[in-house]
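**Student:** This structure is in structure tokens; I'll ask about it shortly.
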Amino acid sequence: MRKLRLRIGALVSAAALALSLTACGAAKAETLDIFAMDTYMSLVAVGSGGYDALQTAAVEINRLEALLSRTKDGSDVSRLNASAGGEGVTLSGETAALLALAKDCADRTAGAFDVTVAPLVDAWGITTDTPRVPAQSEIEALLTLVGGEHLTVDDSALHSSQLPPEDVAAALDAGCAVDLGGIAKGYASDRVADIFEKYQLTGGTVSLGGNVYVCGTTGEGKPWNVAIQDPNDSDGFAVRLRLSDAFVVTSGGYQRYFTAPDGTVYQHIIDPATGYPARSDLVSVSIVTYRAGGDRQGTMADAYSTALYVMGEAGAAAFWQAHRSDFDMVLITGDGRLLYTPGLADTIETDGSAYACQVIA
Ligand code: AMP
Ligand code: MG
């Protein structure tokens with residue numbers, strides 16, 4: 001049977017918060033746990049509209065899963081993949097905008113993040129019950145199907161400040177497919193952030209399998225504590241970040257992987273340049289973005305966490321240098337170092353960390 005591995009790269013101390021609030025009566029915290037998008041999700045809302053905000057968020061997450069899942073019949077992504085090689089298909093403007101953003105991310109990350117990697121994700125089957133090591137010839141054949149040029153979608157969807165309401169035409173080349181597994185939960189976190197804002201919560205947290213959003217403050221008026229999981233200790237954390245109105249998205253190879261008969265461990269993030277699971281010198285990448293930057297900050301953080309894991313330490317550092325005003329990050333290396341960007345200096349709690357913590361200059 002498939003071993004269940006939770007993606008909980010970052011955790012919010014939500015349970016502790018709920019208890020303390022109930023005890024002192026300072027503010028009412030509502031909590032909700034759901035399973036969606038193939039992962040466990042936890043939501044907390046502080047404020048008078050908390051219950052309604054969480055119900056609305058759950059409906060929204062289920063709506064997005066029905067739109068973006070590869071495995072649900074009739075989803076936009078299923079219909080797009082089924083249409084590959086044909087005339088194309090009409091997608092909701094929302095899906096088209098997300099695909100256009102994904103293509104843009106592929107350009108920005110020089111292809112390290114690429115949703116057209118789906119045929120290779122399938123061939124390896126790392127997160128399925130039947131993972132395998134494909135033959136080199138099969139990998140080379142599938143690599144010809146990977147690349148943004150195989151996906152046609154109206155790019156104006158990307159630049160529209162409002163989601164385009166009309167249906168948008170999209171097409172995929174024969175044999176190609178898209179997999180939004182590296183970005184959909186980040187997108188969902190952006191939409192939950194919208195809902196929390198609409199309900200004017202004083203505070204809230206969302207943890208969607210490695211994608212965390214914290215808004216406002218705890219009932220005691222303090223920033224939230226977001227723990228970056230220790231890849232070597234599933235019960236421990238490497239560092240904690242004190243944050244408000246921020247996304248923390250973690251990618252790593254330590255929770256979804258399979259061990260081949262020859263003992264080689266293959267994790268679930270594919271390097272689109274080689275067609276193999278990335279052999280990163282990083283064990284985890286956490287990207288931090290800020291809600292003040294707009295309504296796609298969770299989505300961007302999700303795409304970047306996947307991409308920078310593929311890039312490895314040197315590539316991730318260079319990418320951050322080129323985009324340093326866009327995000328902060330925490331990298332944990334295979335040789336036991338923890339690197340963080342200077343923007344986190346005032347929010348990171350490194351005391352007691354098992355890692356040698358250094359600021360990236
Ligand atoms: P994440 O956990 O956000 O890093 O996303 C990993 C998931 O995204 C995988 O389980 C695949 O479904 C998909 N994926 C794997 N490799 C890539 C890649 N290089 N670019 C985009 N998506 C990917
Ligand atoms: Mg991702």
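**Student:** Using Cα pairs under 8 angstrom and six or more residues apart, how large is the relative contact order of the chain, in percent? Could you put the intermediate results ahead of the total?
**Tutor:** Details: 782 pairs, mean separation 68.4, N = 361.
It comes to 19 percent, rounded to a whole number.
**Student:** Hey, what do the phi angles of region 315-324 turn into as Karplus ³J(HN,Hα) couplings, whole Hz, using 6.51/-1.76/1.60 and θ = phi - 60°, x for Gly and Pro?
**Tutor:** After applying 6.51 cos²θ - 1.76 cosθ + 1.60, I find x, 5, 5, 5, 5, 5, 4, 6, 10, 5 Hz.
**Student:** Highest GNM mean-square fluctuation, the chain, Cα pairs closer than 10 Å: which of Glu94, Glu138, Glu65?
**Tutor:** Ranking Glu94, Glu138, Glu65 by mean-square fluctuation puts Glu138 first.
**Student:** To continue, here is another question. In nanometres, what is the gap between the two model label sites at Val265 and Asp33, each 7 Å from Cα along Cα-to-Cβ?
**Tutor:** The two pseudo-label positions are separated by 2.7 nm.
**Student:** Shifting gears a bit: Take the Cα pairs of the chain, get the Kirkwood Rh, then feed it into Stokes-Einstein at 25 °C and 0.890 mPa s and tell me D in µm²/s. Walk me through the intermediate numbers first.
**Tutor:** Details: Rh = 20.7 Å.
Taking Rh from Cα pairs, D becomes 119 µm²/s.
**Student:** If the only charges are +1 at each Lys and Arg Cβ and -1 at each Asp and Glu Cβ, what is the size of the charge dipole of the chain around the Cα centre, to the nearest 20 debye?
**Tutor:** Values: 24 positive and 44 negative charges, 155 e Å.
The calculation lands at about 740 debye.
**Student:** Hey, can you grab everything whose amide H is under 5 Å from the amide H of Thr218? Only 5+ residues off in sequence or another chain; H modelled, so Pro and N-termini drop out.
**Tutor:** Trp224
**Student:** Could you work out how much longer the chain between Ser156 and Lys72 gets when fully extended? Use 0.36 nm per residue separation minus the Cα distance between them, nm to one decimal. Mind showing how you got there, number by number?
**Tutor:** Working: separation 84, 0.36 × 84 = 30.24 nm, distance 2.71 nm.
Residue separation times 0.36 nm, minus the Cα-Cα distance, leaves 27.5 nm.
**Student:** Give the long-range amide H neighbours of Asp230: residues separated by 5 or more places, or on another chain, with amide H under 5 Å away, using H modelled in the peptide plane at 1.01 Å from N.
**Tutor:** Answer set, sorted by chain and number: Gly236, Phe237, Ala238.
**Student:** Still on this structure, I have one more. Given 0.36 nm per residue, what is the gain on full extension from Ala361 to Thr130 after removing their alpha carbon distance, in nm? Provide the component values of the computation, followed by the final result.
**Tutor:** Working: separation 231, 0.36 × 231 = 83.16 nm, distance 4.32 nm.
Answer, rounded to one decimal: 78.8 nm.
**Student:** Per residue of region 82-94, what does 6.51 cos²θ - 1.76 cosθ + 1.60 with θ = phi - 60° give for ³J(HN,Hα)? Whole Hz please, x for Gly and Pro, Karplus curve as stated.
**Tutor:** 5, 8, 3, x, x, 6, x, 8, 9, 10, 5, x, 5
All of the numbers you see were taken from the coordinates with simple rules; none came from a lab. All values derive from a computational prediction rather than experimental measurement. Cβ: placed from backbone, ideal geometry, glycine included. Neighbour counts: every protein chain shown.
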